[in-house]
Ligand code: PMP
């Protein structure tokens, strides 16, 4: 059976390829995908993926909640449900958002298949081909992929250690308007940014809200990491201070587990209605079983205590990474020290190209994501994202040790042959954090 012709993967057929919709031109596999197959081998320390580390979840408690769910509400849990999501869960989601200052009604919550689907639905509802979405520089690769698939044009606005720079936002808006193009929304990740690791400061939040309000720009606030701060209370969401021009996205992927694929959008009523229609056409309804399992977990388990444990675990890994970087990385590298989330953004010495270095790094058994993945415009060659969420502290240190060796070798190559990047200027844009030992 295993080897019968019917069981083989289909041959590469070129038939129909010429009939794909124009939008598929933007749906391309990442150039680094092949390398990641190698990077997932056990001997490679992967500082590349952003997989939440769910090893601390009490599987017995989750298992108990799920078997209880089947026993007591199986026929409902295994049925189709509402396109907007399970009402009890939407109510509980409003409790989760209250931790970030948001007072919302459950009717304004739309449950989605992860917040990734929420990004997709919002873009589907708002964007025609050629519309502009303003994104931070750098920005989340999965959102850039959605914007590309809907044939949007991404215009980046710079960040610094306090997040999105208001003047850069103003400039981007001016430039797009001067070109006669339509801005559909600003996509921002205000907390523990993926990939930059920074958070938007409180004064910046007020300023960004002011700019968008006065320019009539909708904000898409993507916040999967907001409750994963290491030191302070969660920051106040943009949505908490502006209910009518912010769509807020949340997720249980990082605070509970990504396998349930449950996220949500909180949107003003007319937008919310369109999102529900878009959700129904995409999936009929988000998975009822996952929603009810999460609802039972939230109702019967100390989920805030669990998040606290996650934060402690991620803080220990952050410390392992920044200590290793300070001890081992060549002095010409720079990076930021994140106060939460999963990521450090590292800027290489001028002229060293992260993307061309990646195969050599994988040979040295360490992987990262080159900065170019996080820009729609070719920038980022001189930077990389390092994730500290998944490996153990010991593996993180070992990964950084290997990476430091590769960077040193690249620097020597550069001394001998000149820049290893196509354009060192392109590498220097984006957030260039302070060296950890100076901050
Ligand atoms: N937004 C950001 C910024 C992310 O980092 C991720 C996951 N890496 C997502 C959205 C999607 O997460 P999910 O679909 O699992 O909720």
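Within the range 341-349, identify whether any single residue is more than 16 Å from the ligand (Cβ to nearest atom) and either farther than 22 Å from residue 35 by Cβ or more than 24 Å from the chain's Cα centre (by Cα) (or both), and answer yes or no. Yes; the residues of the range 341-349 include at least one that is more than 16 Å from the ligand (Cβ to nearest atom) and either farther than 22 Å from residue 35 by Cβ or more than 24 Å from the chain's Cα centre (by Cα) (or both). Screening residue 208 on (1) surrounded by fewer than 17 Cβ atoms within 10 Å (Cβ to Cβ); (2) within 21 Å of the chain's Cα centre (by Cα) shows it passes everything except condition (1). For the range 187-205, indicate whether the set of residues that are closer than 28 Å to residue 52 by Cα and part of a strand (DSSP E or B) is non-empty. Within the range 187-205, one or more residues are closer than 28 Å to residue 52 by Cα and part of a strand (DSSP E or B). Checked against the criterion of being touching a residue at least 60 places away in the same chain (Cβ under 8 Å), over 19 Å from residue 126 (Cα atoms), crowded, with 19+ Cβ neighbours inside 10 Å and touching a strand residue (DSSP E or B) at 6+ places or on another chain (Cβ under 8 Å), the range 230-239 contains one or more residues that satisfy it.
Looking only at the range 157-178, which residues are part of a strand (DSSP E or B) and either in contact with a helix residue (DSSP H, G or I) (Cβ under 6 Å, 6 or more places away or on another chain) or within 16 Å of the ligand (Cβ to nearest atom) (or both)? If the condition is that a residue be part of a strand (DSSP E or B) and either in contact with a helix residue (DSSP H, G or I) (Cβ under 6 Å, 6 or more places away or on another chain) or within 16 Å of the ligand (Cβ to nearest atom) (or both), then 157, 158, 159, 163, 164 are the ones that fit. Could you pull out the residue among 146, 176 that is at pLDDT 95 or above and more than 30 Å from residue 318 (Cα to Cα)? From the options 146, 176, the qualifying one is 176. Checked against the criterion of being surrounded by 13 or more Cβ atoms within 10 Å (Cβ to Cβ), away from the ligand (no atom under 16 Å from the Cβ) and part of a helix (DSSP H, G or I), the candidates 65, 71, 34 yield just one match: 65.
Of all residues in the range 243-254, none that is on the phi > 0 side of the Ramachandran plot has its Cβ atom under 8 Å from the Cβ atom of a residue that is outside any loop (DSSP other than H, G, I, E, B) and more than 16 Å from the ligand (Cβ to nearest atom), 6 or more apart or on another chain. Note on the range 74-93: among residues that are in a helix (DSSP H, G or I) and closer than 15 Å to residue 251 by Cβ, the one that is nearest to the chain's Cα centre (by Cα) is 93. Here residue 186 clears all of (1) at pLDDT 95 or above; (2) in contact with a strand residue (DSSP E or B) (Cβ under 9 Å, 6 or more places away or on another chain); (3) farther than 24 Å from residue 144 by Cβ except the condition numbered (3). For the range 282-292, indicate whether the set of residues that are under 22 Å from residue 135 (Cβ atoms) and buried (at least 19 other Cβ atoms within 10 Å of the Cβ) is non-empty. The answer is no; no qualifying residue exists.
Screening 189, 183 for residues that are on the phi < 0 side of the Ramachandran plot, within 15 Å of the ligand (Cβ to nearest atom) and buried (at least 17 other Cβ atoms within 10 Å of the Cβ) leaves exactly one candidate, 189. Scanning the range 98-156 for residues that are on the phi > 0 side of the Ramachandran plot and within 15 Å of the ligand (Cβ to nearest atom) yields a total of 1. Note on the range 252-265: residues that are crowded, with 24+ Cβ neighbours inside 10 Å and near the ligand (Cβ under 10 Å from one of its atoms) total 5. Condition first: closer than 23 Å to residue 301 by Cβ, outside any helix (DSSP H, G or I) and touching a helix residue (DSSP H, G or I) at 6+ places or on another chain (Cβ under 6 Å). Now tell me which residues in the range 94-110 satisfy that. Of everything in the range 94-110, those that are closer than 23 Å to residue 301 by Cβ, outside any helix (DSSP H, G or I) and touching a helix residue (DSSP H, G or I) at 6+ places or on another chain (Cβ under 6 Å) turn out to be 102, 104, 109.
Just checking, does the range 37-56 include any residue being in a loop (DSSP other than H, G, I, E, B), more than 18 Å from residue 256 (Cα to Cα) and within 16 Å of the ligand (Cβ to nearest atom)?
The answer is yes, given that some residue of the range 37-56 is in a loop (DSSP other than H, G, I, E, B), more than 18 Å from residue 256 (Cα to Cα) and within 16 Å of the ligand (Cβ to nearest atom).
Residue 219 passes every criterion in (1) within 16 Å of the ligand (Cβ to nearest atom); (2) surrounded by fewer than 19 Cβ atoms within 10 Å (Cβ to Cβ); (3) without any contact (Cβ under 8 Å) to a residue 40 or more places away in the chain apart from (2). Could you identify the single residue in 293, 299, 240, 320 that is more than 14 Å from the ligand (Cβ to nearest atom), closer than 30 Å to residue 213 by Cα, assigned to a helix (DSSP H, G or I) and over 18 Å from the mean Cα position of the chain (by Cα)? Exactly one residue qualifies, and that residue is 240.
The values are calculated or read from the model by the stated rules, or taken from the named source; none is laboratory data. Small disclaimer: the values here were computed from a predicted structure and weren't measured. Cβ: placed from backbone, ideal geometry, glycine included. Neighbour counts: every protein chain shown.
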